[in-house]
Amino acid sequence: MDAELSNILRQMPKAELHMHIEGSLEPELIFALAERNGVSLKYASVDELRRAYAFKDLQSFLDIYYAGASVLLTEQDFYDMTWAYLQRAHADNVRHSELFFDPQTHTERGVDFGTVVNGIYRATQDAQEKWGLSASLIMCFLRHLSEEEAFATLELALPYRDKIIGIGLDSSELGHPPEKFARVFARCKDLGLHLVAHAGEEGPPEYIRTALDLLQVERIDHGVRCLEDAELTQRLARDRIPLTVCPLSNIKLRVFDQAKDHNMVQLLDAGLVVTVNSDDPAYFGGYVNENFLQMFAALPLGKDHAYRLARNSFEASFIDQPTRQKYLAELDAFFGR
Ligand code: ADE
Ligand code: ZN
């Protein structure tokens, strides 16, 4: 790739909309927190842990991801993890970030809900103050658990309603279709929360359709398998339902073999509102700019695509209109438009 394009990808202002904050825990921080908290890990060293990051599918990743998150106990731990991510996001010229968090991973271990939210939230406030980087929180329900447990988690979240902008659905997709969570999503909608769900990552296009029809989500996380269904693809394009695509994740979790096999170009050619995101950057080999760089190196993508992807990221985000206009104006100025 030429230097001009790689500079554009690095320096253009962008939003990141699909990032699990627990997936930003680097092995070094996992070990530092384990030591600070007296938690024992089944890996002897940072290197040994890193060597375990050879995934064959989503579940083999999730098993290690939940083990890594077990070192998080105090509000300061959640702050430190989030602050480390926000520093990297700032370095990647991310202007706005929407962070997923998985409270059930922590409340199941006896960590208080408030400890989780307050630590993450305080770091986002500091990033806003220090750099003007806006960040908001999307609480995910773990889909391998029951809807009843999701309702119980929503109860715990109610005192923190003002710190959460939306609800997502993540963890093991196959065998846990969206309809399992239809009632709890309806309740979240009544509460005025934004709604998103992982669908069509490993699961079939039908899960994308049911996420739209039965959960009423506004965006689809991943969604790359939509192309197997022409009618669904047309609907996503017509209704401008954004897809938060995570290229390095898709390769590490074997959704596609290699970068050159990713369907990003076909998704764009189908007129879809595609965005580029890092998913779980500490596990998948890079933060958002690395996702852009590897895709643009492997696929026939150029400057106009870069502009379109960055523009989509702001248009698909859950920010207020004045903030969106400010970021879009900055983007247009960057591209000389
Ligand atoms: N949790 C963290 N990353 C995830 C992913 N890519 N899919 C589903 N659940 C997740
Ligand atoms: Zn994800």
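Every number in this text was worked out from the coordinates using simple rules, so none of it is lab data. For clarity, every value in this text was computed on a predicted model and none was experimentally measured. Every residue, glycine among them, receives a Cβ derived from its backbone with ideal geometry; neighbour counts consider all protein chains shown.
The overall shape of region 129-249 is oblate: from the C-alpha gyration tensor, with semi-axes ordered a ≥ b ≥ c, the ratio a/c is 1.5 or greater and a/b is no larger than b/c. Assuming a ≥ b ≥ c are the square roots of the Cα gyration tensor eigenvalues, decide whether region 199-337 counts as rounded (a/c under 1.5), prolate (otherwise, with a/b larger than b/c) or oblate. Oblate, because a/c is 1.5 or more while a/b does not exceed b/c.
Note on the chain: Cα-Cα pairs beyond 29 Å make up 34% of the total pair count. Give the relative contact order (percent, whole number) for the chain; include only Cα pairs under 8 Å separated by 6+ residues. Normalised by residue count, the contact order of the chain is 20 percent.
How charged is the neighbourhood of A298? Take every other residue with its Cβ under 12 Å from the Cβ of A298, and add Lys/Arg as +1 and Asp/Glu as -1. Combined, the nearby Lys, Arg, Asp and Glu give -1. For region 272-287, the Karplus equation 6.51 cos²θ - 1.76 cosθ + 1.60, evaluated at θ = phi - 60°, returns couplings of 7, 7, 8, 10, 10, 8, 9, 6, 9, x, 5, 9, 10, x, x, 8 Hz by residue, with Gly and Pro reported as x.
The slack in the chain from E28 to A329, taken as 0.36 nm per residue of separation less the alpha-carbon distance, amounts to 104.6 nm.
The 3J(HN,Hα) values that the Karplus relation (6.51, -1.76, 1.60; θ = phi - 60°) gives for region 224-236 are, in residue order, 5, 7, 4, 5, 6, 9, 4, 5, 5, 4, 4, 5, 4 Hz. Gly and Pro appear as x. Highest mean packing comes first when the peptides 65-74, 279-288 are listed by Cβ atoms within 10 Å, giving 279-288, 65-74.
Of R219, R238, R324, the sequence from fewest to most neighbouring Cβ atoms within 10 angstrom is R238, R324, R219. Put in line by how crowded their Cβ is, counting other Cβ atoms within 10 Å and starting with the fewest, T275, T105 read T105, T275.
Considering only Cα-Cα distances, which of the following residue pairs are longer than 25 Å: K56/K189; K14/K252; K14/K260; K180/K252; K56/K163; K130/K303? Table pairs above 25 Å Cα-Cα are K56/K189; K180/K252; K56/K163; K130/K303. Converting phi to 3J(HN,Hα) with the Karplus coefficients 6.51, -1.76 and 1.60 and the offset θ = phi - 60°, region 20-25 yields 7, 4, 5, x, 9, 6 Hz in sequence order, with x at every glycine or proline.
In which sequence would W131, W83 go, from the one with the fewest C-beta neighbours within 10 Å to the one with the most?
Fewest-to-most ranking of W131, W83: W131, W83.
Please work out, to two decimal places, the log10 of the ratio I(q)/I(0) at q = 0.14 Å⁻¹ from a Debye calculation in which every Cα of region 148-209 carries one identical scatterer. Here the Debye-derived log intensity ratios amount to -0.41. Database remark: amide H of A199 closer than 5 angstrom to the amide H of D221, G223 (H placed geometrically; neighbours at sequence offset of 5 or more, or on other chains; Pro and chain starts carry no H).
When the chain is treated as a GNM with alpha-carbon contacts under 10 Å, the residue of Y43, Y53, Y307 showing the greatest mean-square fluctuation is Y43. Rounded, prolate or oblate: which one fits region 16-85, using the alpha carbon gyration tensor with axes a ≥ b ≥ c (rounded when a/c is under 1.5, else prolate when a/b beats b/c, else oblate)? It comes out oblate by the Cα gyration axes. How big is the gap, in Å, between the Cα center of region 1-61 and the Cα center of region 70-142? Computed from Cα coordinates, the inter-centre distance equals 15 Å. Placing unit charges on each Cβ (+1 for Lys and Arg, -1 for Asp and Glu) gives the chain a dipole about its Cα centre, and among A282, F61, I8 the Cα reaching farthest toward its positive end belongs to I8.
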